[in-house]
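Asker: Starting off with a structure, shown below.
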Amino acid sequence: MRLKLLTLALSLAAVSLPSHGEDLLDAYRQARANDPVLAQADATRLAVHEGIPQARALLLPQLNGTYSLQQQSSAGSLSGLTTQNPGHLRTRSVGVELDQTILNLADIANLQAAHSTADAQQQTYEAATQDLFVRVITTYFTILNDEEQLKYAKANEEAYRVTYDQAEQQYKVGIAAITNVYQAKSYYEAAKATTISTQNTLDNDRQALTVITGQPVGELKKLRPELPMDTPVPADPQQWVDSALKNNPTVLSAQYSVDAAEHSVNAARAGHLPTITASLSRAKSTSWLENGSYNAIGNGRYGNTIGVTLSVPIFAGGATQSKVRQSIYQRDEAQDSLELTRRQTQQNTINYYNSVIAGISEVKSGKAAVESAQEALDATKAGFQVGTQIMLDVLTAIQQLTQNESTYSASRHQLVLNRLLLRQSAGTIDYKDMEYVNSLLQ
């Protein structure tokens, strides 16, 4: 399927980026500034990072101020005071309290989990930045391939039109059968339909690049005719796998997620353990009696209270044990996800390595196939002129040349893309790789 995609992308070498974007680097810079997928990943990264100060805040001093005003009403008795007239006893309290956690292992573990979760999201963001390289070049090359396919489709259509006109002329002068006309017309009509379909594919893929860059697509630089045919360095696929397991940000993100899950298990288990909190408060309370006239009863002074609280959880209805089991299951899930990610990354790395090796041979053989098909077409046309070949032979030769050109174009673009995908899988892709690919354009 990837081959088909790239096959559809060759013809766009002349298709464009925004008015000020002419090559791959221009497209990437615009995508970096405007791509909503990367922007979403960045926003998520920043949001998750805020979990660290929130978790840390629970271990830092907590300062709270209080102010309260209370009123008690009675016909003749207020708080043990006998009054002659009904009235109100009002009390105003003002105070400030400082609390400091001395020991809370659950909060400490949650802070560690927040750090690991933030690290995991940071790696997810790194994966998104690397994926942007691939998305830009894939879409860019798809457009290039589409443009090549459109060029071939138009050339194919024109070749069939000429053949059709020739068959009609020969039939009119009586030197060819009507069968030749019917055959040539059927191929010509099918070629016109292919041109329309290819043009539509090109238009759609140009829009796909606009979605990434946020800019209209202008004329793009094409992939130059000759490409480097070097094998990957290092030439050992296992070294690429080792690099992937060590550097691939998706693998690293999964590993940090396992670490966060381990800390969450510790936090859940700490729900069984005591907590120690120190507190310091300063407050005063003032009361007065109001029964038609103001009568002060007491004017309190500020008093200080200092203490340490030891809280020992005894029974919470089984909730603590349930949270421990839940966090263990979640940790197991994270570990399984990590193992799956590692295996998939290993598989992808080897596949991309093998694809590069095979792609080199495909490009070489594809070039030879195009040259051979062109020679065959020329010979078939010459044979048709002298009567040794029939019209169907010419039509088939044109079709074969077009197919070979299409396959060759796709393999060239896919080879460059597979090199980039190999580096992405290994976790080593960066802007220099974009510069290298851009140097292959003309």
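Asker: Go through region 37-61 and count every residue that is farther than 30 Å from Asp99 by Cα and touching a helix residue (DSSP H, G or I) at 6+ places or on another chain (Cβ under 8 Å).
Answerer: Total meeting the criteria: 6.
Asker: Give me a count of the residues in region 341-359 that are among the polar types (S, T, N, Q) and either out of contact with any Ser or Thr (no Cβ under 7 Å at 6 or more places or on another chain) or not in a helix (DSSP H, G or I) (or both). Write out each step before concluding.
Answerer: So the first thing to find is which residues in region 341-359 are among the polar types (S, T, N, Q), and the list is 341, 344-349, 351, 354-355.
After this cut, where a residue has to be either out of contact with any Ser or Thr (no Cβ under 7 Å at 6 or more places or on another chain) or not in a helix (DSSP H, G or I) (or both) as well, the list is 344, 346-347, 351, 354-355.
Within region 341-359, residues that are among the polar types (S, T, N, Q) and either out of contact with any Ser or Thr (no Cβ under 7 Å at 6 or more places or on another chain) or not in a helix (DSSP H, G or I) (or both) number 6.
Asker: Given the conditions (1) part of a loop (DSSP other than H, G, I, E, B); (2) open to solvent by 60 Å² or more (accessible area, probe 1.4 Å), and given that Gln54 satisfies all but one, which numbered condition is not satisfied?
Answerer: All conditions are met except number (1).
Asker: Here is a follow-up. Residue check, Trp240 against (1) within 24 Å of Phe141 (Cβ to Cβ); (2) out of contact with any Phe, Trp or Tyr (no Cβ under 6 Å at 6 or more places or on another chain); (3) in contact (Cβ under 8 Å) with a residue 60 or more places away in the chain; (4) of a type outside the set (D, E, K, R), all met but one. Which one?
Answerer: For Trp240, the exception is condition (2).
Asker: Could we say that Thr201 is among the β-branched types (Val, Ile, Thr), open to solvent by less than 50 Å² (accessible area, probe 1.4 Å), in contact (Cβ under 8 Å) with a residue 12 or more places away in the chain and closer than 18 Å to Gln403 by Cβ here? Walk me through it before giving the result.
Answerer: Values: among the β-branched types (Val, Ile, Thr): yes; open to solvent by less than 50 Å² (accessible area, probe 1.4 Å): yes; in contact (Cβ under 8 Å) with a residue 12 or more places away in the chain: yes; closer than 18 Å to Gln403 by Cβ: yes.
Yes: the conditions hold for Thr201.
Asker: Still on this structure, I have one more. Within region 219-272, can you find the residues that are open to solvent by less than 70 Å² (accessible area, probe 1.4 Å), within 24 Å of Asp107 (Cβ to Cβ) and of a type outside the set (D, E, K, R)?
Answerer: Selection gives Ser257, Val258, Ala260, Ala261, His263, Ser264, Val265, Ala267, Ala268, Ala270, Gly271.
Asker: Let me ask you something else. Looking for whichever is in contact (Cβ under 8 Å) with a residue 60 or more places away in the chain and open to solvent by 60 Å² or more (accessible area, probe 1.4 Å) here; the options are Glu189, Glu126, Glu147. Which one fits?
Answerer: On the way: Glu189 fails: in contact (Cβ under 8 Å) with a residue 60 or more places away in the chain; Glu147 fails: open to solvent by 60 Å² or more (accessible area, probe 1.4 Å).
So the residue among Glu189, Glu126, Glu147 that is in contact (Cβ under 8 Å) with a residue 60 or more places away in the chain and open to solvent by 60 Å² or more (accessible area, probe 1.4 Å) is Glu126.
Asker: Still on this structure, I have one more. Being assigned to a helix (DSSP H, G or I) and of a type in the set (A, V, I, L, M) is the filter; apply it to region 297-340 and report the residue that is farthest from Gln255 (Cα to Cα).
Answerer: If we filter region 297-340 for residues that are assigned to a helix (DSSP H, G or I), which is where we start, we get 319-340.
After this cut, where a residue has to be of a type in the set (A, V, I, L, M) as well, the list is 319, 324, 328, 334, 338, 340.
Numbers: Ala319: 28, Val324: 21, Ile328: 16, Ala334: 8, Leu338: 6, Leu340: 11 Å.
Looking at the filtered set, the residue picked out is Ala319.
Asker: Confirm whether Arg331 is in contact (Cβ under 8 Å) with a residue 24 or more places away in the chain and under 30 Å from Ser257 (Cβ atoms).
Answerer: Working: in contact (Cβ under 8 Å) with a residue 24 or more places away in the chain: yes; under 30 Å from Ser257 (Cβ atoms): yes.
Against the criterion (in contact (Cβ under 8 Å) with a residue 24 or more places away in the chain and under 30 Å from Ser257 (Cβ atoms)), Arg331 qualifies.
Asker: Restricting attention to region 352-362, report how many residues are open to solvent by less than 60 Å² (accessible area, probe 1.4 Å) and either more than 35 Å from the chain's Cα centre (by Cα) or in contact (Cβ under 8 Å) with a residue 60 or more places away in the chain (or both). Before the answer, list the steps.
Answerer: Step one: filter region 352-362 for residues open to solvent by less than 60 Å² (accessible area, probe 1.4 Å), giving 352-353, 355-356, 358-360.
Then drop every residue that is not either more than 35 Å from the chain's Cα centre (by Cα) or in contact (Cβ under 8 Å) with a residue 60 or more places away in the chain (or both), which leaves 352-353, 355-356, 360.
Matching residues across region 352-362 total 5.
Asker: Go through region 150-170 residue by residue and tally those that are farther than 17 Å from Glu189 by Cβ and open to solvent by 60 Å² or more (accessible area, probe 1.4 Å). Break it down stepwise before answering.
Answerer: Of all residues in region 150-170, those farther than 17 Å from Glu189 by Cβ come to 150-152, 169-170.
If we keep only those that are open to solvent by 60 Å² or more (accessible area, probe 1.4 Å) as well, we get 151, 169.
Adding up the residues that qualify gives 2.
Asker: Right, another one. Suppose we filter Ala260, Ala244 for residues that are under 28 Å from Thr320 (Cβ atoms) and modelled with pLDDT of 95 or more; which single one remains? Full working, then the answer.
Answerer: On the way: Ala244 fails: under 28 Å from Thr320 (Cβ atoms).
After ruling out the rest, the residue left standing is Ala260.
Asker: Return the residues of region 273-294 that are open to solvent by 60 Å² or more (accessible area, probe 1.4 Å) and modelled with pLDDT of 75 or more; say none if nothing qualifies.
Answerer: Passing the criteria: Leu273, Leu280, Arg282, Lys284.
Asker: Which one of Thr44, Thr7 is crowded, with 16+ Cβ neighbours inside 10 Å and either over 24 Å from the mean Cα position of the chain (by Cα) or modelled with pLDDT of 90 or more (or both)?
Answerer: Numbers: Thr44 fails: crowded, with 16+ Cβ neighbours inside 10 Å.
Answer to the selection: Thr7.
Asker: When Thr349 is evaluated against the numbered criteria (1) open to solvent by less than 10 Å² (accessible area, probe 1.4 Å); (2) among the β-branched types (Val, Ile, Thr); (3) over 38 Å from the mean Cα position of the chain (by Cα), which criterion, by number, is the only one it fails?
Answerer: Among (1) open to solvent by less than 10 Å² (accessible area, probe 1.4 Å); (2) among the β-branched types (Val, Ile, Thr); (3) over 38 Å from the mean Cα position of the chain (by Cα), the lone unmet condition for Thr349 is (3).
Asker: If you don't mind, another one. Considering only residues that are touching a residue at least 12 places away in the same chain (Cβ under 8 Å) and either outside any helix (DSSP H, G or I) or under 18 Å from Val181 (Cα atoms) (or both), which ones fall in region 363-389?
Answerer: Thr380, Lys381
Asker: What do you reckon, is Thr407 closer than 24 Å to Gln169 by Cβ, under 48 Å from the mean Cα position of the chain (by Cα) and either open to solvent by 30 Å² or more (accessible area, probe 1.4 Å) or charged (D, E, K, R) (or both)?
Answerer: Working: closer than 24 Å to Gln169 by Cβ: no; under 48 Å from the mean Cα position of the chain (by Cα): yes; either open to solvent by 30 Å² or more (accessible area, probe 1.4 Å) or charged (D, E, K, R) (or both): yes.
When the stated conditions are applied, Thr407 does not pass them.
The values are calculated or read from the model by the stated rules, or taken from the named source; none is laboratory data. Computed from a prediction, not measured in an experiment: that's the story for all the values here. Reconstructed Cβ throughout: ideal geometry from the backbone, glycine too, with neighbour counts over all protein chains shown. The accessibility values were calculated without ligands, DNA or RNA, using every heavy atom of the protein model including side chains. Shrake-Rupley method; radii C 1.70, N 1.55, O 1.52, S 1.80 Å.
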